[in-house]
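Computed from the coordinates by the stated procedures, all read-outs in this text should not be read as laboratory data. Just so it is clear, the structure is predicted and the values come from calculations on it, not from any experiment. Positions of Cβ are backbone-derived with ideal geometry, glycine not excepted, and every protein chain shown enters the neighbour counts.
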Amino acid sequence: MQTFASVAFILLFTSHFLSIYATDLWLYNDDDYDKHKTFKRFNFGTSQRCYNIVDCFNNKASSASWINAPKAAWLAFYDDEDCSGKQYVSKTTPSGEMKFAPVDLDNKISSFMQWEYATFPLKGFVDICNDAAILAVNATSNATEVGDAEAGF
């Protein structure tokens, strides 16, 4: 019984600790911050992982806000699943907000990723809507420059 109590305490402590340091991201269907009628909240703690939202908020986001992101992290939003296609990278952390219309991504977001040390999903892909299994990737090079050529970064 002592072992069970110890394991339960460790699991509870670990889950609480991890949730404190996880990023909270909200995607909204309107870019007027006073009119947010529909939104989807995501909580994640892994950088360099691509989070697909095709099954729950695909092509619906007009704006986003976030808190608790690591200070050195950037949030990248993509118009296609698996963190591909046109992207916009917000460099405002640990908290921030943005509207997608000025960067031609209004109602086009299908995936996102938190960058800390690379621009590739080195920790795989996940359907964050369904908590689907992570697909591993084999990255051999990180030669991509930070920013988006289309957006002029």
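Roughly how many Å is it from the Cα centre of the stretch 25-51 to that of the stretch 63-107, as a whole number? So the two Cα centres are separated by 9 Å. Taking other Cβ atoms within 10 Å as a rough exposure proxy, 66, 26, 74 sort from fewest to most as 26, 74, 66. For residue 24 and residue 84, the difference between the fully extended length at 0.36 nm per residue and the C-alpha to C-alpha distance is 19.4 nm.
For residue 71, the lysines whose Cα falls under 21 Å of its own Cα, not counting residues fewer than eight places away in the same chain, are 91, 99, 123.
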